[in-house]
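Worksheet: the structure to be examined is printed underneath.
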Amino acid sequence: MIGLDIPEKTHDESKQGEALMLEKSPVVSNGRKLYIESYGCAMNFSDSEIVASILSDKGFETTNNFNEADVVFINTCSIRENAELRVRNRLQHFKNAKAKNPGMVVGVLGCMAERLKSKFLEEEKLVDVVVGPDAYRDLPNLIEQVDSGQKAVNVLLSREETYADINPVRLNTNGINAFVSIMRGCDNMCSFCVVPFTRGRERSRDAHSIIKECQDLFDQGYREVTLLGQNVDSYKWTNEETTEHVNFARLLELTALVSPDLRVRFSTSHPKDITDEVLHTIAKYENICNYIHLPVQSGNSRILDMMNRTYTREWYIDRIDAIRRIIPGCAISTDVITGFCTETDEEHQDTVSMMDYVQYDYAYMFMYSERPGTLAAKRYADDIPEEVKKARLQEIVAKQQQYSLVRLQTQLGKVQKVLIEGTSKKSENDFCGRNDQNAMVVFPKSDKYKPGQYAYVMAESCTTATIIGKLVDAPPTP
Ligand code: SAH
Ligand code: SF4
Ligand code: F3S
């Protein structure tokens, strides 16, 4: 067993305050306001919190109203063409605000900034600054450059940057769930995917800094962390002084040990890398949630090979069987792409039969969108007609609807341990929260409970997306 120290807990709050004051002197506001809007995956949302932290150290305050902002950032996604179109449309909206306030700085951050680099400044005249995902520490300088009348670009990718020392400013937070980034970049070269180009090489963050961030979150009242990476199973970090090695299974364990009341989730797992050791760790700790997002992309081995996913249908099924064996009742979700280059109807049916085999709890489903510069764009023609991609997508969406319902129905009559997140969107009188398997659970409020607490709820009925139930007093008997 590797002996990474878990920070000693201190219950003397005055001491914590003192330590904080010693670490940081209060930042004086510079009178300027930052508005930041995020698109794409959780990684991007987490990065926006790093950006907010870097700028708040320079005196910027954050605002939710872009009309009153002095600096407006849009943190962008390039994963599909549609994602980029949405950003372009949104930039048009910023035009009016900038017309009213010509001093406003407009910046494009994230994956689209990295993909298009300085081309962005030519294409979108309104944009003043373009910054890639590894260059956020440079933002204060870049803003100064814009203030002095120039346009500014930094899209350098790094092999080391993990922003490990930066304490994110939580944006739009409910104070209960938080994302914690554990690694950056991706070394896989899935042929359809733009991420290795926009996010650079994979690197893992210092394990101590991850555990410290989780501990701090817990101390502030947060009760759920989601460990983020494009491929969390390849997390690996070595402490150069002690030569201790921490892999993903160990990192999960260390996070779980922060407190039994801190729920631990993670995303995304890669079928080629997820190990039995990780599965046994999930099974061992009650607070590591029984939910795995394991993107399959396609159920056909020839297509998987063309996608360069480096596993076969049989390998994927073996991993599913391992999950079912080691963590009975574990929820599984997936990502699927329809109409990848040369995919035949029979090959598409292999994806459909995979869905029948696994009976996913949830799925994110997409039509293939060719991305410039990717291996697939260079090697293969995007030859499946749009209507065929769409028809295949509709078929799997309908199938998933059925299984989402079937999976929630298996919970009926069972007691759910729910972390209460807040008031239900549909009814003021109901709380909502998630169970261990990540299903949304809605139930009538009670004075005895408030958000951030765990409640036990008997599942009485369900839709395809929500379990509806009522509070019960007794915890379930193990
Ligand atoms: N790192 C994760 C996925 C990140 S992208 C993984 O390896 O699974 C999220 C999802 O977007 C992918 O799983 C894939 O299903 C989808 N996606 C990526 N590139 C795409 C493209 N060019 N067209 C359509 N969907 C794509
Ligand atoms: Fe893209 Fe594949 Fe990396 Fe996921 S694992 S980010 S799909 S290259
Ligand atoms: Fe999009 Fe970049 Fe995430 S392309 S999905 S924001 S890593």
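The values are calculated or read from the model by the stated rules, or taken from the named source; none is laboratory data. Computed from a predicted structure; not experimentally measured. Cβ sites come from the backbone with ideal geometry, for glycine too, and all protein chains shown count toward neighbours.
For (1) in contact with a helix residue (DSSP H, G or I) (Cβ under 7 Å, 6 or more places away or on another chain); (2) surrounded by fewer than 21 Cβ atoms within 10 Å (Cβ to Cβ), each residue gets a yes or a no:
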position	(1), (2)
ILE54	yes, yes
ASN67	yes, yes
VAL72	yes, no
ASN75	yes, no
HIS93	no, yes
Would you call THR226 part of a loop (DSSP other than H, G, I, E, B) and either more than 24 Å from GLU49 (Cβ to Cβ) or within 16 Å of ligand 1 (Cβ to nearest atom) (or both)?
no
Name the single residue, out of those in the range 78-99 being more than 24 Å from the chain's Cα centre (by Cα) and among the aliphatic types (A, V, I, L, M), that is farthest from ligand 3 (Cβ to nearest atom).
ALA99
Kindly evaluate MET104 against the criterion of being at pLDDT below 95 and surrounded by 14 or more Cβ atoms within 10 Å (Cβ to Cβ).
yes
Answer yes or no as to whether MET104 is assigned by TED's automatic domain parsing to the domain that holds ASP216 and farther than 15 Å from SER38 by Cβ.
no
So SER353 fits all but one of (1) small (Gly, Ala, Ser); (2) touching a Phe, Trp or Tyr at 6+ places or on another chain (Cβ under 7 Å); (3) in a helix (DSSP H, G or I); what number is the exception?
(2)
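Results for (1) in a loop (DSSP other than H, G, I, E, B); (2) surrounded by fewer than 22 Cβ atoms within 10 Å (Cβ to Cβ); (3) at pLDDT 95 or above; (4) in contact with a Lys or Arg (Cβ under 6 Å, 6 or more places away or on another chain), shown as yes or no for each residue.
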{"position": "PRO133", "(1), (2), (3), (4)": "yes, no, yes, yes"}
{"position": "ARG137", "(1), (2), (3), (4)": "no, yes, yes, no"}
{"position": "SER191", "(1), (2), (3), (4)": "yes, yes, yes, no"}
{"position": "PRO196", "(1), (2), (3), (4)": "no, yes, yes, no"}
{"position": "ILE211", "(1), (2), (3), (4)": "no, yes, yes, no"}
Name the single residue that is nearest to ligand 2 (Cβ to nearest atom) among those in the range 216-228 being under 18 Å from MET43 (Cα atoms) and touching a residue at least 60 places away in the same chain (Cβ under 8 Å).
LEU228
From the list GLU277, GLU213, which residue is more than 20 Å from the chain's Cα centre (by Cα) and away from ligand 2 (no atom under 16 Å from the Cβ)?
GLU277
Residues THR238, THR268: which one is more than 16 Å from ligand 3 (Cβ to nearest atom), out of contact with any Ser or Thr (no Cβ under 8 Å at 6 or more places or on another chain) and polar (S, T, N, Q)?
THR238
Please go through the range 248-280 and give me each residue that is outside any helix (DSSP H, G or I), over 21 Å from ASN438 (Cα atoms) and basic (Lys, Arg), ordered by number.
LYS272
Scan the range 48-89 residue by residue and report those that are more than 17 Å from ARG170 (Cα to Cα), among the hydroxyl-bearing types (Ser, Thr, Tyr) and in a helix (DSSP H, G or I).
none
Name the residue that is farthest from ligand 3 (Cβ to nearest atom), counting only residues in the range 383-427 that are closer than 16 Å to SER298 by Cβ and buried (at least 18 other Cβ atoms within 10 Å of the Cβ).
LYS399
How do the pairs read when you match residues in the range 35-48 that are among the acidic types (Asp, Glu) with residues anywhere that are within 15 Å of ligand 2 (Cβ to nearest atom), using Cβ under 8 Å and keeping only pairs 6 or more apart or on different chains?
ASP47/GLY110; ASP47/PRO133; ASP47/SER181
Filter the range 271-314 down to the residues that are of a type in the set (Lys, Arg) and surrounded by 20 or more Cβ atoms within 10 Å (Cβ to Cβ), then identify the one that is farthest from THR374 (Cα to Cα).
ARG313
Quick check on ASN177: is it within 16 Å of ligand 3 (Cβ to nearest atom), closer than 22 Å to PHE248 by Cα and surrounded by fewer than 21 Cβ atoms within 10 Å (Cβ to Cβ)?
no
Residue list for the range 368-382, restricted to those being within 25 Å of ALA398 (Cβ to Cβ) and surrounded by fewer than 19 Cβ atoms within 10 Å (Cβ to Cβ)
SER369, ASP382
Just need a number here: residues in the range 404-456 that are of a type outside the set (Val, Ile, Thr) and in a loop (DSSP other than H, G, I, E, B).
24
Residue check for GLY31: at pLDDT 95 or above and part of a loop (DSSP other than H, G, I, E, B)
no
